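What follows draws every value from the coordinates through simple rules; no lab data is involved. These numbers were taken from a predicted model, which means no experiment stands behind them. Cβ: placed from backbone, ideal geometry, glycine included. Neighbour counts: every protein chain shown.
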Amino acid sequence: MTQPIRYGMIGGGRDAFIGGVHRMAARLDDSMTLVAGALSSTPKKALASGLDLGLDSNRSYGTWNDMLVGESMLPESERMQCVVIVTPNNVHHAPAMAAMEAGFHVVCDKPMTCTNAEAQALVDTAKRTHRVFAVTYNYTGYPMVRQARDMVHAGSIGRVRKVFVEYLQGWLATPLEGDGQKQAHWRTDPTRAGAGGAMGDIGSHAENIMSFVTGLEVEQFCSDASAIVEGRAIDDDTAVLLRFAGGARGVLCASQVCVGHRNGLTLRVYGETGSLTWQQEHPDQLHVCSLEGHDTTLHRADAGLCEAAANATRLPGGHGEAFIEAFANIYRGAAAAMHADRDDGEAFGYQTAADGARGVRFINAVVDASGQGWTALEG
Ligand SMILES: NC(=O)c1ccc[n+]([C@@H]2O[C@H](COP(=O)([O-])OP(=O)(O)OC[C@H]3O[C@@H](n4cnc5c(N)ncnc54)[C@H](O)[C@@H]3O)[C@@H](O)[C@H]2O)c1
């Protein structure tokens, strides 16, 4: 039996959001096991957070640099094999670079970096050091998203002509950052979030799921990135028109001021002979419509789904699977790649540093060219 990959986490300490989700996902299939941590920006809180999680006190570190040094000194059979990075966006690049240089694989949350140059450096370093680099674009882990991708690639809806993708939330409809809300505070600060506000935080997911399912490449775009809440230094509402290579057209919207929406991620793909719709708030279903007007709803765990969807399913239909299971599918794939020592996201089912870099370039281009009309997307 393969042993779980041993990992150390950076960020994800007391009061943090996504680190806890990563830890649950990593454990779901025993893909990975937490052995070390530098869990907070404050050394004292980092150490306390490690003890909360039952880490050995020698392996709960005050800083990520201490963790890399400390773990490197342990015998190979004990030391962590992978670093999981769940810090604000501006604290992804430096620890990821240092981790790979020290011989560790990396799992990093999105958006991968703030700048295009940092993103490219991670792509190049993953290649040179032969490390696995997985970006947790967790929506690619949902069985029915994998089913949608399989159907598009198999030609089930014909050549794709039009794509709508939207990710709508309402939690930043007021200046929450001014009340000291921690997650709002850094997400609306360009020095920590990067150039994209809503575009970086959730538009990144929209770009990724669109690309994952359709395989389309953006050639040109026309964007409008706005700060609707007065005084906000970063976009909280962005709309983008898209022209893809091959002629298809698209619309992408990312907004955090849409009152009433919680996590309204919806993807609609229209082909010559049919269409597909997936909504993350009803993740076990995929709606399919044919040119003749036959509407079908495919359900997770039903017979006849593609292999990628079936393999991403744990429970019988009717018992919901969602966010944590989708993350766990990414972890399972990344851990298998680490066991194989092969950074191949297509084969193992995760998004790579190259996918992350494409996402970062898209976010920055959309924000930079806002209001400037049609713009070519540089590769
Ligand atoms: N994939 C998803 O669905 C998803 C969802 C939420 C967040 N995210 C991403 O995850 C990351 C974290 O988001 P969050 O909402 O959990 O933020 P958060 O503010 O809740 O947590 C960030 C954590 O990082 C720690 N930290 C900051 N600087 C550090 C440093 N130098 N060393 C060690 N720890 C440090 C903080 O102390 C905190 O524990 C972001 O990149 C965000 O975009 C992804």
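Which whole-number percentage describes the relative contact order of the chain, with Cα contacts under 8 Å and a sequence gap of 6 or more? After rounding, I find 21 percent. Taking the Cα of Thr297, stepping 7 Å toward and past its beta carbon, and measuring to each backbone N in the range 307-331: which are under 18 Å? It comes to 316-322, nothing else.
Taking each residue as 0.36 nm, the span from Ser41 to Ala233 lengthens on full extension beyond its C-alpha to C-alpha distance by 66.8 nm. Evaluate the relative contact order of the range 5-138 (contact order divided by residue number), counting alpha-carbon pairs under 8 angstrom at least 6 apart; express in whole percent. Reported as a whole number, the value is 21 percent.
In the P(r) worked out for the range 5-138, what percent of Cα pairs fall beyond 26 Å? Of all Cα-Cα distances in the range 5-138, 13 percent exceed 26 Å. Taking a ≥ b ≥ c as the square roots of the eigenvalues of the alpha carbon gyration tensor, the range 71-179 is oblate, as a/c is not under 1.5 and a/b does not beat b/c. Beta bridges from DSSP with both residues in the chain: antiparallel share about 60 percent, rounded to the nearest 5.
Over the chain, DSSP H runs of length four or greater, each weighted -39,500 (n - 2.57), average out per residue to a 222 nm ellipticity of -10000 deg cm²/dmol. For the range 374-379, 3J(HN,Hα) computed residue by residue from phi via the Karplus equation (6.51, -1.76, 1.60; θ = phi - 60°) reads 5, 9, 6, 8, 6, x Hz, glycine and proline entered as x.
Pairs of Lys residues in the chain that lie 8 or more places apart, or on two chains, and have C-alpha atoms under 23 angstrom apart add up to 4. Using only side-chain charges placed at the Cβ, +1 for Lys and Arg and -1 for Asp and Glu, the dipole size of the chain relative to its Cα centre rounds to 240 debye. The stretch between Ala48 and Thr174, if pulled fully straight at 0.36 nm per residue, gains 42.1 nm over its current Cα-Cα span.
For the peptides 140-148, 253-261, 175-183, the ranking by packing is 140-148, 253-261, 175-183, with the highest mean count of neighbouring Cβ atoms within 10 Å listed first. The phi-based Karplus calculation (6.51 cos²θ - 1.76 cosθ + 1.60; θ = phi - 60°) puts the 3J(HN,Hα) values of the range 64-75 at 5, 5, 4, 5, 4, 5, x, 5, 5, 7, 7, x Hz, whole numbers, x for Gly and Pro.
Couplings 3J(HN,Hα) of the range 163-168, computed from phi: 10, 10, 9, 9, 10, 10 Hz, in residue order, whole Hz [Karplus 6.51 cos²θ - 1.76 cosθ + 1.60, θ = phi - 60°; x for Gly and Pro]. Here the calculated FRET efficiency for Val69 and His130, from their Cβ-Cβ distance with R0 = 22 Å, stands at 0.55, rounded to the nearest 0.05.
Along the axis of the charge dipole computed for the chain (Cβ charges of +1 for Lys and Arg, -1 for Asp and Glu, origin at the Cα centre), the listed residues Tyr142, Asn311, Ile5 are led at the positive end by Ile5. Binning the C-alpha pair distances of the range 223-319 at 5 Å intervals from 0 yields a P(r) profile of 2, 10, 14, 17, 16, 15, 12, 8, 4, 1, 0 %, listed from the shortest bin outward. Per-peptide packing, taken as the mean over residues of other Cβ atoms within 10 Å, places 206-219, 74-87 in the sequence 206-219, 74-87 from highest down.
The label-point distance for Glu101 and His153, in a model that sets each label 7 Å from Cα toward Cβ, rounds to 3.6 nm. Between the Cα long axis of helix 204-214 and the first principal axis of the chain there is an angle of about 60°, rounded to the nearest 10. With respect to the chain, whose longest principal axis is taken over its alpha-carbon atoms, helix 323-340 is tilted by about 60°.
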